[in-house]
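First comes the structure, then the notes that go with it.
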Amino acid sequence: MKPILEARNVSKVYGSNRIQVTALDNVSLQLNAGECVILMGASGSGKSTLLNILGLISKPTKGHIFIQGKEVPENDRNRSRLRNAYFGYIHQDYAIIENETVESNVMIPLQYASPLPERQERKSRVLQALENVGLDWALKKQPSELSGGERQRVAIARALVNNPVVILADEPTAALDSETAQSVMTLILSFKEKGAAVLVATHDDKVAKLGDRILRINDGRLITSSEMIKS
Amino acid sequence: MRELWAGVIMACRRWQAMLGISGMIAAACVVFALALEDVVSQVAVLKGGQHLREQHAVTFTPYYPQGEPTQVGNDTIQYVIDQINNRKGYTAIIHNMALDDPDFAGGYPTLILFGDVIPDLYPELPLCESVPCAMKGSKIVDEKINAVNIEGENIPVVGTLPAGATFFDPLAAGLPLDNRIVIRAPTKLLPLLNSIEKEEAITRTVLLDPEAKVVDTFITMNANSELYLIPHDIAVDQPQRFRELMGRSAIYIVGMLSFLLLVFIAFVSSARLTIRQEDRAFKIRAMYGATPFHLSLRIGGFLAAVVLIPPVALLSLLIVYLHIAGAPSPNVPLWVILGILLTFFLLWLWAIRSTKKIGG
């Protein structure tokens, strides 16, 4: 099967010549359509750095990223276009703009889509995305009026509104109680059913059990890769 | 366009802080523009006296020991006429012409000039040529004023002065002419004037490169009529005034510039803080596909709403007001607008650079 997203020999080094920190060291991995991969590791192990590089949010110091077999270009404009067209992001802190309404937050990916959907279509897609996460009633609400679980569902609605093929979730349930975490993971896994590749960074074993395979990262290196049969 | 507008809305969300700071900038810019306008017009007027300085003109200030009206003798008037007719001087009446006739010159203020040498002294002032003649200020639209009558002499109004025309009055400074009727009168009318008019004509006499004997004679003749005149050599006096004015202006301008600089520093800090507060929103947008161009437009809209639009709108109104009020240099606020534009672009560049790393 052709991978949707692939990293080849990716390294990331922060700092100047005098003080350098290697956040990622020669990491290679593939994400396939319709699978959920769990990325586990301790804090500071390089999970977020890897997600940022895979999601084209930051550039690797060395190595290459491929989307559907094509290498990602260096050009900022093209990277922006690819982020918009291919990715949905879910973060531990929800990454919601606090002083904009739920509707406005969910609409962000559509505002930069190419071609730009008509205003009416944008609105109906936002409403549809919010209905999918059970938050259609919150369309005009401010994020401050919502609970943590509801905010995370807003972030999920935003991630799915542009029909991405890769979902990158960085500790999506870390700030949630177990019941809410379960419902959020169910929503995230629904992307997989639609054919998207899902990569979830976590150190929660309960969440890890929901994945198809687990990658472990330590000090910037992938140390184990094992197939996991869902129980 | 959508991103620009979104930037404006972003500024509106922080309207309390931004209104305060942009209001302060606007007020400081308006005060600065007014100060600058005043200085520029004063300097322009003083520069207008250049020909008088070159001619070593002597002017006079009156001193009235009795505090009573004086009776200028006919011999004194004739002496002034001789000087004027020999192109050795000129005189003017600004305030006291036809005080007993409210309909004189249609009720408009006048400037009566006596002397053929005047056009040579003020080449930048496009006066009518064949005396007697008169011209209307640019703001006088009364079509009925075709002529002005002085003591039976009908003086035709032959044209209109350009807007912003100013006469250099050696005893004061700039005399705006937009709302005045400027009359070039023949010297033969001087003896026919009443005593108040004659007195002003005498005190405003300007002698060009006179010998000491001429000045002494003129002062003595007037002293006999109990009009005591103190002579001033413009070549000495005006540079002194010019230096004083420039000194005062420098303090004025430096003070205002310092204040403006402080306001701008406060504004820049505030704007940078606000942009930093919006940094997370920029990152989220960049994550979902906003290009650096999108973000720079959004920041541009924000900065335009705060630093550009309020002060420029106020300064534009000020320009209109200065034009209506007939100020000598009504376009000076344009310089301040240019400064604001420069600040806007510098801030914008800084903000673009600081958000460039997002999504890199």
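Quick note: the coordinates plus some simple rules give every number you see, no bench work behind them. Remember, it's a predicted structure, so these values are computed and weren't measured experimentally. Virtual Cβ from ideal backbone geometry, glycine too; neighbours counted across all protein chains shown.
Per-structure values
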item	result
Normalised contact order of chain A, rounded percent, pairs of Cα under 8 Å and 6 or more residues apart	29 percent
Förster radius 30 Å - calculated FRET efficiency between residue A:101 and residue B:335, Cβ distance, rounded to 0.05	0.10
Radius of gyration, Dmax [the protein assembly as shown; alpha carbons; angstrom]	40.3, 127
Selection from A:134, A:107, B:104, by position along the positive dipole direction of the protein assembly as shown (Cβ)	A:134
Aspartates and glutamates with Cα under 14 Å of residue B:144, excluding same-chain neighbours fewer than 8 positions away	B:103
Cα→Cβ-extended label distance, 7 Å offset, between residue B:323 and residue A:43, nm	6.5 nm
Charged-residue dipole, Cβ positions (Lys, Arg, Asp, Glu), region B:65-226 about Cα centre, Debye nearest 20	320 debye
Student exercise, the protein assembly as shown dipole from Lys, Arg, Asp, Glu Cβ charges, in Debye to nearest 20	4420 debye
Within chain B: Cβ-based charge dipole about Cα centre, in debye rounded to nearest 20 (Lys, Arg +1; Asp, Glu -1)	3420 debye
Positive-end residue of A:31, A:144, A:187, charge dipole of region A:5-227 with Cβ unit charges	A:31
From phi via Karplus (6.51, -1.76, 1.60), per-residue ³J(HN,Hα) for region B:255-260 in Hz, x at Gly/Pro	x, 5, 5, 4, 4, 4
Residue order, fewest to most beta carbons within 10 Å, for B:56, A:91	B:56, A:91
Between helix B:74-85 and chain B: long-axis angle, C-alpha atoms, 0 to 90°, nearest 10	60 degrees
Zero-based 5 Å bins, Cα pair distances in region B:65-226, whole percents	1, 9, 18, 22, 21, 15, 8, 4, 1, 0
Percent of beta bridges antiparallel (DSSP, chain B, rounded to nearest 5)	75 percent
Cysteines having no other Cys beta carbon under 4.7 Å from their own, within chain B	B:12, B:29
³J(HN,Hα), Karplus 6.51/-1.76/1.60, whole Hz, each residue of region A:58-74, x for Gly, Pro	10, 9, x, 6, 9, x, 9, 10, 10, 10, 6, x, 9, 5, 6, x, 7
Isotropic mean projected area of the C-alpha convex hull, region B:307-346 (nm²)	2.4 nm²
Distance violations [Cα-Cα > 28 Å] among B:139/B:188; A:70/A:192; A:70/A:209; B:88/B:198	B:139/B:188; A:70/A:209
Nonlocal amide H pairs with residue A:170, under 5 Å, H built at 1.01 Å	A:90, A:91, A:92, A:201
Spatially proximal aspartates and glutamates relative to residue A:194 (Cα-Cα < 12 Å; intrachain offsets below 8 disregarded)	A:35
Vicinal HN-Hα couplings computed from phi for region B:229-236 (Karplus, 6.51 cos²θ - 1.76 cosθ + 1.60; Hz; Gly/Pro x)	10, 10, x, 9, 8, 4, 4, 9
Estimated FRET transfer efficiency when R0 is 25 angstrom, pair residue A:127-residue B:4 (beta carbons, to 0.05)	0.40
On Cα atoms only, tilt of B:309-325 relative to the major axis of chain B in degrees	10 degrees
Reference-scaled alpha-carbon Rg (2.2 N^0.38 Å with N residues) for chain A	1.00
Residue order, fewest to most beta carbons within 10 Å, for A:140, A:123, A:12	A:140, A:123, A:12
Amide hydrogen neighbours beyond the local backbone of residue B:155, cut-off 5 Å, H modeled	B:148, B:149, B:150
For peptides B:3-11, A:19-27, sequence by mean Cβ density within 10 Å, most packed first	B:3-11, A:19-27
Long-range amide H partners of residue B:133 with built H, under 5 Å	B:184
Residues B:316, A:16, sorted so that the one with the fewest Cβ neighbours within 10 Å comes first	A:16, B:316
